[in-house]
1. Considering only the range 264-292, state which residues are over 12 Å from the mean Cα position of the chain (by Cα), hydrophobic (A, V, I, L, M, F, W, C) and more than 12 Å from the ligand (Cβ to nearest atom).
2. Taking P80 and the conditions (1) away from the ligand (no atom under 16 Å from the Cβ); (2) within 17 Å of S323 (Cβ to Cβ); (3) crowded, with 21+ Cβ neighbours inside 10 Å, which numbered condition does it fall short on, given that it satisfies the others?
3. Just one of the numbered conditions (1) in a loop (DSSP other than H, G, I, E, B); (2) within 15 Å of the ligand (Cβ to nearest atom); (3) surrounded by 23 or more Cβ atoms within 10 Å (Cβ to Cβ) is not true of G322; which one?
4. Only residues that are in contact with a Lys or Arg (Cβ under 9 Å, 6 or more places away or on another chain), buried (at least 24 other Cβ atoms within 10 Å of the Cβ) and part of a loop (DSSP other than H, G, I, E, B): list them for the range 262-283, please.
5. Determine which member of the set G167, G227 is without any contact (Cβ under 8 Å) to a residue 40 or more places away in the chain and not aromatic (F, W, Y).
6. Go through the range 284-293 and give me each residue that's among the hydrophobic types (A, V, I, L, M, F, W, C) and in a helix (DSSP H, G or I).
7. Just checking, does the range 241-254 include any residue being within 25 Å of L357 (Cα to Cα) and within 20 Å of the chain's Cα centre (by Cα)?
8. Anything in the range 98-121 that is surrounded by fewer than 18 Cβ atoms within 10 Å (Cβ to Cβ) and in contact (Cβ under 8 Å) with a residue 60 or more places away in the chain? List them, or say none.
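The values are calculated or read from the model by the stated rules, or taken from the named source; none is laboratory data. Only a predicted model underlies this, so the values are computations on that prediction, with no experimental measurement involved. Positions of Cβ are backbone-derived with ideal geometry, glycine not excepted, and every protein chain shown enters the neighbour counts.
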Amino acid sequence: MLQKSTTNNLEAFWMPFTANRQFKQAPRMLVAARDMHYTTDDGRQILDGAAGLWCCNAGHGRPKIVEAIQKQAAELDYAPAFQMGHPKAFEFASKLVAMAPAGMDHVFFTNSGSESVETALKMALAYHRVKGEGSRTRLLGRERGYHGVNFGGISVGGIVGNRKMFGTLLTGVDHIRHTHDPARNTFSRGQPEHGVEFADELERLVTLHDASTIAALIIEPVAGSTGVLVPPKGYLQRIREICDKHGILLIFDEVITGFGRLGAPFAADYFGVTPDIMTTAKGVTNGTVPMGAVFVKGEIYDAFMNGPEHLIEFAHGYTYSGSPLAAAAGLATLETYQEEGLLTRGAELADYWAGALWSLKGLPHVVDLRNCGLIAGIELEPIAGQPGKRGFSAFLKGFEDGILIRTTGDIIALSPPLIIEKHQIDELFGKIAEILKSLD
Ligand code: PMP
């Protein structure tokens, strides 16, 4: 039996998006992981209902990925990312493009979802400039959108709590509203019926600002971090049409929906709507070595490549863009996904998953259930005057009871590894049902 961590060595680490004071009083430590389970420092098994943080789509400790990382570290640990290359980055980019929606022909590597978002926004601005439309400088996002934590991402993002401490943010940004509509769409199974007209908000902003000032709109096809908001039927199609009509680039932030989460390789495939730029991260290396990948359409890349030959086409990049370890991890991850059919496994399990979720209807505190592919959102009624408290209690009880669930405010968001078995789905929802009954 492993020794339970003591609290005396926890002060130095300022933990991200964490209630540090609470955590350091009662730490939750994970020390190992394999397949569907984490192991805690006191030797308990925790069923992973969140794929870590929406990233370990093939589950944990997968031998092929582990070996690829070890081998790569011994062979070529690092190669300069600028003006030099190494074969695995090119091989990985080619394989990613081969599985991407048609027309997304090029990949730019980053190290995280946040960096993918910054990269996509900068690409959109620079694209219009190289095309001679430098007046298109405005970036649009959505309320309740989450696009990471860097300045571009929180500017186009729509989570008040993530924005309000940080000054004026980027100028020239505007937002359309989110699609959540409790009055009409509560307990929609899959895509809600109502709300296609929320896309027309984009026309309103075009009228307000004029299309000639707008570079791009970024949206999450399914908003994850704000509680699983599934787009109404026809909404993304209409957004695509309006963007096309006005020459606005459409960016899908697929940081959580990419790599099989919805039962198709990308949300673009699942919804049948192809963006111009697509941001990914997390599942690209199964959450092992940090990496992000921004996919772009051929015409965007070509616009940059038509400039003078001796110049750097896009003044942007990271020391670790396409690093050997990340590329090796990514190649092994793709092989694992493909060999095990994980990019479409969510489609096979989606009905069973939705059925298990719907078994919670009518239980205490549940005010809405939402699902899409292998994602679920369980919205709980907040305790009066204490928003988020009930959700956090559910998370804590889950950890005690041996399940990892993610909560965002009073919404439980589930996104298990795509290797989950039906009996584990039963266990996850069975335990959640007991937790709901026991919550204040
Ligand atoms: N975009 C979306 C849609 C996300 O869900 C996330 C992370 N949950 C990010 C961007 C940011 O990714 P990272 O934390 O890797 O920077």
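1. If the condition is that a residue be over 12 Å from the mean Cα position of the chain (by Cα), hydrophobic (A, V, I, L, M, F, W, C) and more than 12 Å from the ligand (Cβ to nearest atom), then A264, A268, F271, V273, I277, V289 are the ones that fit.
2. Evaluating P80 over (1) away from the ligand (no atom under 16 Å from the Cβ); (2) within 17 Å of S323 (Cβ to Cβ); (3) crowded, with 21+ Cβ neighbours inside 10 Å leaves (3) as the failure.
3. Every condition holds for G322 apart from (2).
4. Residues satisfying the conditions are P275, D276.
5. G167
6. The one that is among the hydrophobic types (A, V, I, L, M, F, W, C) and in a helix (DSSP H, G or I): V284.
7. Yes: one or more hits.
8. M99, A102, G103, D105
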